[in-house]
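What follows is a single structure, written as structure tokens, with notes after it.
The values are calculated or read from the model by the stated rules, or taken from the named source; none is laboratory data. Just so we're clear, the structure is a prediction, and the values are computed from it rather than from any experiment. Glycine also receives a Cβ, built like all others from the backbone with ideal geometry; neighbour counts cover every protein chain displayed.
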Amino acid sequence: MLENHPVKPKSIGIYFSVLLIATAIMPTLPQLDFIAAWQDPENTLLIKAFQFFSDSVSFFSLGIPVGITVISTFKKESNKNRSWLSLLYILLSIAIAGLISAVLKRILLVPRPYEIDARIIQFSVGGSYSLPSGHTTEAFASAVALMLLFPKWYVIVSLFCWASLVALSRIYLGVHYPFDILVGMLIGSSISVSFYFFVFRKYLD
């Protein structure tokens, strides 16, 4: 099923292997010390940049696929059925990944970094609990789905960089641990990959 897709199974396997190893190692590291040392309250430019990427999640993760679908609809040569199925795939991936993230937050009840360490400053809004990162989950669900639909190197690099900046922003802004974003990456990526290859691909080829 995976062999003929431009994104090779080996690449997907390496990506998830690295992610799983990092997720397993991260809880053993001094995450609070890292966040406290990284934050710089006087660097307003960096704070505003990370706030921009943090706030960009809904606009990019939903706006890009909706925009592509609308543009494709008005093109005579485009496959309109594929465009709408692609949009459904992306939205469903984001919704299910987000639901899993929300449920885990309410089960695990992990407090935010700024709530338990006075050295850490809150530079962004953080609703409910910390683990996993909802922003990161949504960003990677959307980015990975778009990567699979449009597997060009420049699309993959651009989307991965954007999603990674969203994830890093949540750490710098004091509302998530590095472990939170790794779990969010795992959830978002896993849902998009699973839905694509095991549910939607046969309708999108």
(request) Could you grab me the full set of residues in region 62-79 that are part of a helix (DSSP H, G or I), at pLDDT below 85 and not aliphatic (A, V, I, L, M)? (result) Pro65, Gly67, Thr69, Ser72, Thr73
(request) Give the residue that is surrounded by the most Cβ atoms within 10 Å (Cβ to Cβ), with candidates limited to residues of region 116-155 that are free of Cβ contacts under 8 Å to residues at least 24 places away in the same chain and assigned to a helix (DSSP H, G or I). (result) Val155
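A quick yes/no check of all residues on (1) in contact with a strand residue (DSSP E or B) (Cβ under 8 Å, 6 or more places away or on another chain); (2) free of Cβ contacts under 8 Å to residues at least 60 places away in the same chain; (3) over 20 Å from Phe123 (Cα atoms); (4) in a helix (DSSP H, G or I):
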| position | (1), (2), (3), (4) |
| --- | --- |
| Val166 | no, no, no, yes |
| Ile171 | no, no, no, yes |
| Gly174 | no, no, no, no |
| Phe179 | no, no, no, yes |
| Ser189 | no, no, yes, yes |
| Ser192 | no, no, yes, yes |
| Tyr203 | no, no, yes, yes |
(request) Mind listing just one residue for me: the one in region 167-195 that is among the β-branched types (Val, Ile, Thr) and under 16 Å from Phe53 (Cα atoms) and, of those, nearest to the chain's Cα centre (by Cα)? (result) Ile181
(message) For region 7-34, give me each residue that is aliphatic (A, V, I, L, M), in a helix (DSSP H, G or I) and surrounded by 12 or more Cβ atoms within 10 Å (Cβ to Cβ).
(response) Ile12, Leu19, Leu20, Ala22, Met26, Leu32
(request) Just give me the residues in region 41-55 being exposed (fewer than 12 other Cβ atoms within 10 Å of the Cβ) and acidic (Asp, Glu), in sequence order. (result) Glu42
(request) Considering every residue within region 50-57, establish whether at least one is in contact with a Phe, Trp or Tyr (Cβ under 9 Å, 6 or more places away or on another chain), within 21 Å of Ser142 (Cβ to Cβ) and in a loop (DSSP other than H, G, I, E, B). (result) yes
(message) For region 131-145, which positions are among the hydroxyl-bearing types (Ser, Thr, Tyr) and more than 10 Å from Ile94 (Cβ to Cβ)?
(response) Ser133, Thr136
